[in-house]
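One structure below.
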């Protein structure tokens, strides 16, 4: 019996993807180095699914119909390279290797170039949605060798999430590492969204909202412009209690983990010169949270003094919704700005409206909001910034007063809100016609003769002032 595809790596994501494929009528071969994971996989296979367990990777040559398709669901890094090396002994030119893990896009680019020389078709497919998404329909962002797309499109689209209007959240992204790059930006935005939510939650606690009021607020927000998966699950989390009635979240250690994709996004922003301030602050907030022992000591030595809040809770609630919404706009604005720079740097033809579509269902950042982003890029494919779209410009202006009020309140109440404040500062900076960088350039020229341009001279002319001498300006 010939199988349609093989899945290598049967952790939670790999196992659920394989079962999802089998649900759609595909014949799936599976392999894992650990026999225990293979056994667990096979225990979940039903009579109407066709799944074949392999004992050796070399069996792929006989078990798969040509061109062979192999999906890797492995931990990013050396494990992927090692398995690819083994696969080269079992596959032939024209066969397709798909990396569905969270690989760094630079690694994907390298593997794509290397395997192309061997005649293999390599695809780096970002997959988002967690274990439920993998099982019942994830968002899939494939990129790499475009010759592979017609061969894998029916299979990948059959298992992908669908929007309510039937759009499939799996479309070709671009060559080389483009698919994993877009997944990286997705994860960076995910970092930002999560940080904005937890900052709002902490402020509401400090101000004096009770647990039920906060949970109700998130549930109500999920019925409006903030409707999203992350708002929805936050409402659920804030209802879960231990047997003694204490909210479980209060007993979870406040030290956040991360797997690297948010950090990669921030690093790439620096390399490209993209102003990814909000997402970078979200990454640093996780880093700071890991300094738990030091924070406990600092809380005793540098004690916080707060004045009791005496304002209207209803007003704070409305302002927090505005602040969350406006900050979310900034988060996506920065993410899409970075993708535009990356497309130019790496030679990709990214379609930003389609990328927004990929994220409308199945993935962690799925939200109603993404429909508005898709429409913005449909109206203007060359849109430089979401803030320049009429819909988002008006939304920011409507939300600004509440947004400022919440950021000010956070400072007054000694509540650290790095992501929300970074969003507001970016908004103000982006719309400021004259920034103080002219003085900064003068400083650079003073101590390092780095030169500067003048606003009253052609752009291609540079100047230097002899600041410590006679003050004469020279054209360089």
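Only one residue in 304, 296 is touching a residue at least 12 places away in the same chain (Cβ under 8 Å), closer than 19 Å to residue 417 by Cα, more than 26 Å from the chain's Cα centre (by Cα) and in the same structural domain as residue 197 (by TED's automatic domain parsing). Which one?
Exactly one residue qualifies, and that residue is 304.
Return a yes/no flag: does region 11-24 have any residue that is in contact with a strand residue (DSSP E or B) (Cβ under 9 Å, 6 or more places away or on another chain), modelled with pLDDT under 95, in a loop (DSSP other than H, G, I, E, B) and in the same structural domain as residue 67 (by TED's automatic domain parsing).
Looking through region 11-24, none of the residues is in contact with a strand residue (DSSP E or B) (Cβ under 9 Å, 6 or more places away or on another chain), modelled with pLDDT under 95, in a loop (DSSP other than H, G, I, E, B) and in the same structural domain as residue 67 (by TED's automatic domain parsing).
Under 6 Å between Cβ atoms, at least 6 apart or on separate chains: pull out the pairs that start in region 44-65 with a residue that is at pLDDT below 90 and end on any residue that is part of a loop (DSSP other than H, G, I, E, B) and surrounded by 14 or more Cβ atoms within 10 Å (Cβ to Cβ).
57/90; 58/90; 60/90; 61/90
Please tell me if residue 364 is within 29 Å of residue 130 (Cα to Cα) and either part of a strand (DSSP E or B) or in contact with a strand residue (DSSP E or B) (Cβ under 6 Å, 6 or more places away or on another chain) (or both).
yes
When you check residue 414 against the structure, is it in contact (Cβ under 8 Å) with a residue 40 or more places away in the chain and exposed (fewer than 14 other Cβ atoms within 10 Å of the Cβ), yes or no?
So residue 414 fits the description; yes.
Please work out if residue 318 is buried (at least 17 other Cβ atoms within 10 Å of the Cβ) and touching a residue at least 12 places away in the same chain (Cβ under 8 Å).
No.
For (1) touching a residue at least 60 places away in the same chain (Cβ under 8 Å); (2) within 14 Å of residue 324 (Cα to Cα), each residue gets a yes or a no:
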{"site": "220", "(1), (2)": "no, yes"}
{"site": "223", "(1), (2)": "no, no"}
{"site": "226", "(1), (2)": "yes, yes"}
{"site": "230", "(1), (2)": "yes, yes"}
{"site": "235", "(1), (2)": "no, no"}
{"site": "244", "(1), (2)": "no, no"}
{"site": "248", "(1), (2)": "no, no"}
{"site": "253", "(1), (2)": "no, no"}
{"site": "256", "(1), (2)": "no, no"}
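Is it the case that residue 78 is more than 15 Å from residue 155 (Cβ to Cβ) and either assigned by TED's automatic domain parsing to the domain that holds residue 10 or surrounded by fewer than 20 Cβ atoms within 10 Å (Cβ to Cβ) (or both)?
Taking the combined requirement at face value, the residue satisfies it.
Grab the helices (runs of 4 or more DSSP H) fully contained in region 162-280, keeping just those with 1 or more residues being surrounded by 14 or more Cβ atoms within 10 Å (Cβ to Cβ) and in contact with a strand residue (DSSP E or B) (Cβ under 8 Å, 6 or more places away or on another chain).
Because the criterion is at least 1 residues that are surrounded by 14 or more Cβ atoms within 10 Å (Cβ to Cβ) and in contact with a strand residue (DSSP E or B) (Cβ under 8 Å, 6 or more places away or on another chain), the helices (runs of 4 or more DSSP H) in region 162-280 that meet it are 178-207, 211-221, 229-237.
Check whether at least one residue in region 371-381 is in a helix (DSSP H, G or I), in contact with a strand residue (DSSP E or B) (Cβ under 8 Å, 6 or more places away or on another chain) and within 23 Å of residue 132 (Cβ to Cβ), and report yes or no.
Checked against the condition, which is being in a helix (DSSP H, G or I), in contact with a strand residue (DSSP E or B) (Cβ under 8 Å, 6 or more places away or on another chain) and within 23 Å of residue 132 (Cβ to Cβ), region 371-381 yields no hits at all.
Looking at (1) on the phi > 0 side of the Ramachandran plot; (2) modelled with pLDDT of 95 or more, can you tell me which one residue 260 breaks?
Here residue 260 clears every test but (2).
Residue under question is residue 356, and the condition is that it be in a helix (DSSP H, G or I) and at pLDDT 95 or above; does it hold?
For residue 356, the condition - in a helix (DSSP H, G or I) and at pLDDT 95 or above - is not met.
When you look at residue 35, is it touching a residue at least 40 places away in the same chain (Cβ under 8 Å) and exposed (fewer than 14 other Cβ atoms within 10 Å of the Cβ), yes or no?
No: the conditions fail for residue 35.
The values are calculated or read from the model by the stated rules, or taken from the named source; none is laboratory data. No experiment lies behind these values; they were computed from the predicted model shown. With ideal geometry, Cβ positions are generated from the backbone for all residues, glycine too; neighbour counts draw on all protein chains shown.
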